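The values are calculated or read from the model by the stated rules, or taken from the named source; none is laboratory data. This one's a predicted model, so the numbers in the text were calculated from it and none came from an experiment. Using ideal geometry, Cβ is built from the backbone for each residue, glycine included, and neighbour counts are taken over all protein chains shown.
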Amino acid sequence: MAALIFLVICIVQTFAERRVLLNDPDLLQSQIHALERKVEDVVAKYTDLSAKYNTLLTKTSAGGIFVRWGRKDCPGNNTELIYSGFTGGSWWDHTGAAAEFVCLPRDPDLTTKFSSSVAFMYGSEYDSSADFGHDTGNDLPCSVCRSTVESSVLMIPGKSSCYDAWSMQYHGDLMAGDYVHKAASQYICLDNHPEKLVAGQDDHDGKLFYPVKAVCGSLACPPYHNGRYLTCVVCTK
């Protein structure tokens, strides 16, 4: 019984205190100001988090890297140059050659610590002045580029323009090693306006490349045509 009486007294005191608070304008005003400050703090934190989130999205959506074959610079489509260098690869007639073309930097870090059997790295040359506008033996430049706003990179063989919602970085002609050469190769997209390297006019062979021609049969014709050369385009999104 005593406990019940004590509980009733506490309840009455609580309601009395609340009536006092409700009848105190200054106290109500201070509580409203405190609540406003808390709301402002929440809004400020939300704004800061939103800015950080948008920055993260921007960084996440950028960074697509591609090689522009045959050029010393990058296209001006929201790209930055990582480095410009020399196109290289394996000797065209080596049966154990690595297949891919590589873009070698102009400031290599080399070593002498190995003494075993080796692979080789050669430069790459134009092998037909009539096709590329440069003398046979002229060396092929390259540039490694990064898209500052887009993250996906796609080289489309047989197209000179990009599909909807994709941005074109450059277009040109599809290239690969000659089909009679022993060394394997890969398809690359040579820029439509290729350049040459200074002081690279001597004919040393090395990693060679040639235009790619369509062959009907297992390749559907149309839309392809026998003996026609394939274009290419590098796109980002």
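Key figures for this structure:
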read-out: Residue among TYR224, TYR179 that alone is part of a loop (DSSP other than H, G, I, E, B), modelled with pLDDT under 90 and among the aromatic types (Phe, Trp, Tyr); value: TYR179
read-out: Subset of the range 205-237 (residues that are over 28 Å from SER152 (Cα atoms) and free of Cβ contacts under 8 Å to residues at least 60 places away in the same chain); value: VAL215, CYS216, GLY217, SER218, ALA220, CYS221, PRO222, HIS225, ASN226, GLY227, ARG228
read-out: Single residue of the range 81-96 satisfying the filter (hydroxyl-bearing (Ser, Thr, Tyr) and outside any loop (DSSP other than H, G, I, E, B)) that is surrounded by the most Cβ atoms within 10 Å (Cβ to Cβ); value: THR87
